[in-house]
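For reference, the structure is listed below as structure tokens.
The values are calculated or read from the model by the stated rules, or taken from the named source; none is laboratory data. All values derive from a computational prediction rather than experimental measurement. We place every Cβ from the backbone using ideal geometry, glycine too, and count neighbours over all the protein chains shown. All accessible areas refer to the heavy atoms of the entire protein, side chains included, with ligands and DNA or RNA removed. Shrake-Rupley method; radii C 1.70, N 1.55, O 1.52, S 1.80 Å.
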Amino acid sequence: MKRLEEGESNWPSRKDVVACAAVCRTWREICKDIVQSPEICGKLTFPVSLKQPGPRDGLIQCFIKRDKSKLTYYLYLCLSPAVLSENGKFLLAAKRNRRATSTEYIISVDSKNISRSSNGYVGKMRSNFLGTKFIVYDTQPPYNAGSLVSCQHGSRRISSRRVSPKLPTGSYPIAHVKYELNVLGTRGPRRMQCTMHSIPASAVDPEGVVPGQPEQLLPGPFEESFRSTNTSSRFSFMDRSLDFSSSRFSEISGSANQQGEDDIPEAKERPLVLRNKVPRWHEQLQCWCLNFRGRVTVASVKNFQLIAAASSESLQLEQQQQQQNHASSSSSASDHDKVILQFGKVGKDMFTMDYRYPLSAFQAFAICLTSFDTKLACE
């Protein structure tokens with residue numbers, strides 16, 4: 001089991017894990033103790049770890065390789081401390097599909113078949129026409145799936161004979177990423193805000209938890225149904241009639257925000273909101289700077305760091321303290337200044353992605369994909 005967990009380039013074979021755990025009840029308990037979640041061990045051992053939160057005490061370092069010719073993006077786990085090292089374990093792949101009114105990213109664990117019809121399809125992301133609003137969809141229902149707006153709402157009906165009853169018929173909007181419009185047209189860094197509808201705001205507290213963590217990446221019936229259905233039925237269950245115009249996009253995101261903020265009485269049960277850390281202007285370099293601790297080497301408007309957004313009261317108090325004593329406030333870091341996700345450029349088509357609790361690799365990868373779109377209205 002330890003040899004499987006420390007595999008360098010490939011995921012452990014499921015048959016090997018089952019063989020170890022199926023010897024007897026004692027071996028099964030040993031396997032459970034050794035193979036722990038990324039929150040505890042800080043390792044991405046099995047594919048299910050991609051949708052489990054990262055460690056609390058440190059960052060999981062990854063890198064993204066971009067292929068402009070094929071409009072694809074590949075996420076790897078760093079196996080070397082060197083920034084430009086391409087030695088890594090493959091985690092996720094995404095393919096960009098440009099449409100008339102939106103852009104869609106298909107996310108899969110299969111690097112050779114990045115489509116919604118493949119067995120490795122785990123989620124998607126869609127944007128509006130301007131590339132300023134994005135919604136991340138997950139194939140697995142979160143803990144508060146009943147309060148979220150499902151993609152199945154408003155889609156056309158499909159005959160039950162054409163769809164296997166084991167196939168999922170909808171996706172769940174788990175996150176909403178919004179870039180602020182640059183109305184004045186002044187040059188400067190982007191401003192973004194991420195609302196994580198599947199993560200409560202209390203998750204960033206010292207004893208906070210992320211409920212509803214998955215135990216497997218792909219449900220068993222989902223995989224079995226693909227083996228038993230033909231090509232036409234594999235494509236028939238997908239919701240292709242979704243209208244992602246600006247009005248429809250606002251309806252979905254607005255309804256999710258309203259349910260996440262207005263219908264929940266307690267502040268701790270509100271969705272987690274992340275905002276980008278404001279960079280500082282460097283007089284000598286004449287550019288906006290952030291401290292990536294050596295993980296980013298190329299200046300780019302795509303670079304960002306996300307921290308937990310403070311409440312309105314604490315944010316006003318923090319601004320007042322900064323106005324009173326700007327020098328002392330810069331050295332004192334609060335809990336909200338802890339970087340949860342950072343993304344930056346290190347080469348022509350190489351980018352680093354580091355994330356921690358309460359985000360998962362899937363969620364962090366989807367958020368980073370939003371930065372690749374050209375946003376003329378935000379810059």
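Let's see how each residue does on (1) more than 30 Å from N97 (Cα to Cα); (2) open to solvent by less than 60 Å² (accessible area, probe 1.4 Å); (3) at pLDDT below 85:
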| residue | (1), (2), (3) |
| --- | --- |
| K32 | yes, no, yes |
| G58 | yes, yes, no |
| C62 | no, yes, no |
| L71 | no, no, no |
Can you pull out the residues in the range 75-106 that are part of a strand (DSSP E or B), closer than 19 Å to K43 by Cα and hydroxyl-bearing (S, T, Y)?
Y76
Please work out if S147 is open to solvent by less than 40 Å² (accessible area, probe 1.4 Å) and modelled with pLDDT under 90.
no
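Just one of P53, P47 is assigned by the TED database to the domain that holds V296, crowded, with 17+ Cβ neighbours inside 10 Å and more than 14 Å from the chain's Cα centre (by Cα); which is it?
Working: P53 fails: more than 14 Å from the chain's Cα centre (by Cα).
Unique residue meeting the criteria: P47.
Is at least one residue of the range 299-312 within 23 Å of V122 (Cβ to Cβ), in the same structural domain as D67 (by the TED database) and either at pLDDT below 75 or touching a strand residue (DSSP E or B) at 6+ places or on another chain (Cβ under 9 Å) (or both)? Steps first, answer last, please.
Residues of the range 299-312 within 23 Å of V122 (Cβ to Cβ): 306.
Among the residues that remain, those that are also in the same structural domain as D67 (by the TED database) are: 306.
Remaining after also requiring either at pLDDT below 75 or touching a strand residue (DSSP E or B) at 6+ places or on another chain (Cβ under 9 Å) (or both): 306.
Yes, the range 299-312 contains a residue that is within 23 Å of V122 (Cβ to Cβ), in the same structural domain as D67 (by the TED database) and either at pLDDT below 75 or touching a strand residue (DSSP E or B) at 6+ places or on another chain (Cβ under 9 Å) (or both).
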